[in-house]
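S.K.: My structure is below; once you've seen it, I'll send some questions.
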Amino acid sequence: MDDKIAIIDLGSNSVHVLIMKIYKNKSYKMIDHVKEMVRLSEGMGEELTLKKEPMNRTITTLKLFNKLIKVYDVKNVICLATAAVRIAKNRDDFIKKVKRETGFKIEVISGMEEAYYDFVGVINTIDIKDCIIVDIGGASTEIILVKDRMVKEAISLPFGAVLVTERFLSKDIINKESLKTLEEHLANQFSNIKWLNDNKRLPIVGLGGTIRTIAKMDRKKIQFPFESLHNYQVTPDEVLYVYNRVSNLNLKQRKNIPGMNKDRADIITGGLAPLISLMKYIETEKIIISGNGLREGVFFKKYLQTVDSINTIDLNRNVIDDVLAHSINNILKRYDANIRHSYHVQQLALSLFDQTKELHGLGEAERKLLKVGALLHDIGMYVDYYNHHKHGFYLMINSRLYGLNNRELVICAFIVAMHREDKFEQNWRKYEMLINKRDYHIIEFLSLFARLAEKLDRSEYSKIKDIYCNIHENSIDIKLKTDEDGELEIVSALKFKKDFKRLLKKNLNII
């Protein structure tokens, strides 16, 4: 029986509900996600009490979430509260009120637990070895040092976008002196964290609504071709550009910036200030925006405890060893692919690549892309057989395949799209922000190997066990290892003799 999990993340600024579905074959996908800005921490002040209006807004939203959860018939509901509730002196009264009016039992997690879930959500969806994760919420900021994909240090700091705005800044016109005071305060906070000073120049992985706003604004400015913000990368200069821009505008002007969430415009400067200070302090050269964090971390902890494959997952850490391989396998299962055929096509395609390396001159980076594209070549069949290469392209671009950067994702999508023929109506120049003419030439080679490999498994039950390439001056003889008649496979593969000659400059013979 399929399982559904609803994860409610009650933050200081916004409240989210994430609904995930786990299928019988252990694949999973998000089936709904709703966010509402409630500003629960608004007006808490030095007395640290939740105020009536923010509490009422929050409870009204939770009631709506409860209706949505019932529509999906979700029995497993996890409701977590972070900094605002954690520090509130009247938190017990609020928790009781929520339970009484909505039925949700709130679990208040510590700052270190929040940091851990952030880590699990990031490390299982971004292929990165060493980094500093920062989550800037409304009332707290979590910082996690990651080395060799493991948490080495973590800290939760008692400031966030809402709290620093209320303490230091106006929500409308930003006073330069006040902003300078805030920056000095933050720099002092970071200078007291010794392990930050010992880990300079690591990339920063940022999460939280404030940091995602950077990606949204940058995406609008440069007309980025993807909607997804996960694994979106920016430079420190690009972050500074956004920070300087928002801090020099009044509230009305900030709301009109393309990509700006109008509900976040009043706290965006205060929310970015911790990132700017951290960025300068550790002298980072790259900021990676993560669309995944606490909620996904909670999901992965729950999910990985139900998975039997201990070969790829360390259950003690809830960390997937190979992000890309796990994500690919999830997609293959989710789209009901012929997994045996998919892996055999991959094997044959890689064998062709390896045995003709002296002719194409491509390396391990390109081999990795062929490995992915060949394996996922048929996912478009989930939509329909006809034009499944086109469906596959769309699914590749939009299926949240983790473990690739955006350039790699586009190349793999074109391999999938061109696994049936050497042309695809989607012009690669639409994505020239990510790939160039040389990349397209690479795509032509890799898609040729995928096409030949698929035809050499035309029957889809691994009739051709292996292939052996003999390279001659004017031709390549491909000998098939098979105990059966391979005429169907040979005739199918030889349809691409012209493509083969054009790219590899040799005639193709299959025997």
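S.K.: With a cut-off of at most 10 other beta carbons within 10 Å, and DSSP calling the residue loop, which chymotrypsin sites (Phe, Trp or Tyr not before Pro) in segment 360-424 qualify? Please list them. The partial results should precede the final answer.
M.R.: Working: sites: Tyr382, Tyr385, Tyr386, Phe393, Tyr394, Tyr402, Phe414, Phe424; in loops: Tyr385, Tyr386, Tyr402, Phe424.
Of the chymotrypsin sites (Phe, Trp or Tyr not before Pro), the ones in loops of segment 360-424 whose Cβ has at most 10 other Cβ atoms within 10 Å are Tyr385, Tyr386.
S.K.: Quick check on the chain: of the DSSP beta bridges with both residues there, what percent are antiparallel, nearest 5%? Intermediate values should be presented prior to the final figure.
M.R.: On the way: 41 of 61 bridges.
Taking every DSSP beta bridge with both residues in the chain, the antiparallel ones total about 65 percent.
S.K.: Would you mind classifying segment 388-495 by shape? Square roots of the alpha carbon gyration tensor eigenvalues, ordered a ≥ b ≥ c; an a/c under 1.5 is rounded, otherwise it is prolate if a/b is larger than b/c and oblate if not.
M.R.: Working: a/c = 2.46, a/b = 1.78, b/c = 1.38.
Prolate is the answer for segment 388-495, as a/c is 1.5 or above and a/b outweighs b/c.
S.K.: Which GluC sites (Glu not before Pro) in segment 1-106 sit in a loop by DSSP (not H, G, I, E or B) and have at most 15 other Cβ atoms within 10 Å of their own Cβ? Please list the in-between numbers first.
M.R.: Details: sites: Glu36, Glu42, Glu46, Glu47, Glu101; in loops: Glu42, Glu46, Glu47.
Answer in residue order: Glu46, Glu47.
S.K.: Now, a different point. Jot down the per residue volume, in cubic angstrom and as a whole number, of the convex hull over the alpha-carbon atoms of segment 112-294.
M.R.: Hull volume normalised by residue count: 100 Å³.
S.K.: Using r as the Cβ-Cβ distance of Asp93 and Arg407, and R0 as 56 Å, what FRET efficiency do you calculate, to the nearest 0.05?
M.R.: 0.60
S.K.: How high is the relative contact order of the chain, in percent, with contacts defined as C-alpha pairs under 8 Å that are six or more residues apart?
M.R.: Values: 926 pairs, mean separation 59.8, N = 511.
Rounded, it is 12 percent for the chain.
S.K.: Once both labels are modelled 7 Å past Cα along the beta-carbon direction, what's the Lys262-Lys194 spacing in nm?
M.R.: So the label points at Lys262 and Lys194 sit 5.0 nm apart.
S.K.: Follow-up question, since we're still on this one. Along the three principal axes, how long is segment 324-510 when you take its alpha carbons, biggest first, rounded to the nearest angstrom?
M.R.: Extents along the principal axes, in whole Å: 41, 34, 28.
S.K.: Please list the non-local residues whose amide H lies under 5 Å from the amide H of Thr141, H modeled 1.01 Å from N, same-chain partners needing a gap of 5 or more.
M.R.: Leu157, Phe159
S.K.: Assuming 0.36 nm per residue, please report the length gained on full extension of the stretch Lys357 to Glu487 beyond their Cα-Cα distance.
M.R.: Details: separation 130, 0.36 × 130 = 46.80 nm, distance 2.67 nm.
Residue separation times 0.36 nm, minus the Cα-Cα distance, leaves 44.1 nm.
S.K.: Can you list residues from other chains, or at least 5 along the same chain, whose modelled amide H is less than 5 Å from the amide H of Lys4?
M.R.: Ile22, Lys75, Asn76
S.K.: I'd like to know which of Ala84, Asn175, His185 lies farthest towards the positive end of the charge dipole of the chain, counting +1 on Cβ of Lys and Arg and -1 on Cβ of Asp and Glu.
M.R.: Of the listed residues, the answer is Asn175.
S.K.: Can you work out ³J(HN,Hα) from phi for every residue in segment 408-419, in order, using Karplus 6.51 cos²θ - 1.76 cosθ + 1.60 and θ = phi - 60°, giving whole Hz and x for Gly and Pro?
M.R.: 4, 5, 5, 4, 5, 5, 5, 4, 4, 5, 10, 7
S.K.: Among the GluC sites (Glu not before Pro) in segment 160-246, which ones are in a DSSP loop with at most 13 other Cβ atoms within 10 Å of the Cβ? Mind listing them?
M.R.: On the way: sites: Glu166, Glu177, Glu183, Glu184, Glu227, Glu238; in loops: Glu227.
Within segment 160-246, the qualifying GluC sites (Glu not before Pro) (loop, at most 13 other Cβ atoms within 10 Å) are Glu227.
S.K.: Treat the count of other C-beta atoms within 10 Å as a stand-in for reagent exposure and order His377, His33, His326 from fewest to most.
M.R.: Listing His377, His33, His326 from fewest to most nearby Cβ atoms yields His33, His326, His377.
S.K.: Compute the angle between helix 388-398 and the longest alpha-carbon principal axis of the chain, please, reported from 0 to 90 degrees and rounded to the nearest 10.
M.R.: 30 degrees
S.K.: I've got another one for you. Rounded to the nearest 20 debye, what is the charge dipole size of segment 399-443 about its Cα centre when +1 sits on each Lys and Arg Cβ and -1 on each Asp and Glu Cβ?
M.R.: Values: 8 positive and 6 negative charges, 21 e Å.
Here the size comes out at about 100 debye.
S.K.: Let me ask something else about it. Taking Cα atoms, how many degrees apart are the long axis of helix 236-247 and the longest axis of the chain, rounded to 10 and kept between 0 and 90?
M.R.: Result, in degrees: 40.
S.K.: Work from the charge dipole of segment 324-510 (Cβ charges, +1 for Lys and Arg, -1 for Asp and Glu, about the Cα centre) and give the residue of Leu362, Leu350, Ser475 farthest towards its positive end.
M.R.: Leu362
S.K.: Name the long-range amide H neighbours of Tyr28: under 5 Å, sequence gap of 5 or more, or other chain; modelled H, no Pro or chain starts.
M.R.: Those lying under 5 Å, H to H, from Tyr28 are Tyr23.
S.K.: Can you give me the angle between helix 294-304 and the longest principal axis of the chain, using Cα atoms only, in degrees from 0 to 90, rounded to the nearest 10?
M.R.: Tilt of helix 294-304: around 50 degrees.
S.K.: Would any residue of segment 124-149 have its amide N under 18 Å from a label point 7 Å out along Cα→Cβ of Glu364? List them or say none.
M.R.: Within reach of a label on Glu364: 127-130, 148-149.
S.K.: Oh, and also: For a quick size check, give me the Cα extents of the chain along its three principal axes, largest first, whole Å.
M.R.: Between the extreme Cα coordinates on each principal axis of the chain lie 82, 49, 40 Å.
S.K.: Between Asp32 and Ile339, what FRET efficiency follows from the Cβ-Cβ distance if R0 is 30 Å, with the result rounded to 0.05? Don't skip to the answer; put the middle values down first.
M.R.: Numbers: r = 28 Å, r/R0 = 0.92.
The calculated FRET efficiency here is 0.60.
S.K.: Regarding segment 1-75, what whole-number volume in Å³ per residue does the convex hull of its Cα atoms give?
M.R.: Numbers: hull volume 6.3 nm³, N = 75.
Hull volume over Cα atoms, normalised by residue count, gives 84 Å³.
S.K.: Taking 0.36 nm per intervening residue step and subtracting the Cα-Cα distance, what contour gain separates Lys497 from Lys479 on full extension? Please list the in-between numbers first.
M.R.: On the way: separation 18, 0.36 × 18 = 6.48 nm, distance 1.53 nm.
The span from Lys497 to Lys479 would gain 4.9 nm if fully extended.
S.K.: How much length is gained if the chain between His441 and Asn76 is pulled fully straight, taking 0.36 nm per residue apart and subtracting their Cα-Cα distance, in nm to one decimal?
M.R.: Numbers: separation 365, 0.36 × 365 = 131.40 nm, distance 4.90 nm.
Result: 126.5 nm gained on full extension.
S.K.: At a temperature of 37 °C and a viscosity of 0.692 mPa s, determine how fast segment 1-134 diffuses translationally according to Stokes-Einstein, using the Kirkwood radius over alpha-carbon pairs as Rh; express D in µm²/s, rounded to the nearest whole number.
M.R.: Working: Rh = 16.0 Å.
Reported coefficient: 206 µm²/s.
S.K.: What distance in nm separates the two pseudo spin-label positions at Cys469 and Lys129, each 7 Å out from Cα along the beta-carbon direction?
M.R.: Result for the modelled spin labels: 2.9 nm.
S.K.: Counting DSSP beta bridges in segment 3-109, what percent are antiparallel, to the nearest 5? Could you put the intermediate results ahead of the total?
M.R.: Numbers: 17 of 26 bridges.
Antiparallel bridges: around 65 percent, rounded to the nearest 5.
Here, each number is a calculation from the coordinates, and none is a lab measurement. Note that the coordinates shown come from a computational prediction; the quantities given were computed from them, not determined experimentally. All Cβ positions, even for glycine, are placed from backbone atoms using ideal geometry, and neighbour counts span all protein chains on display.
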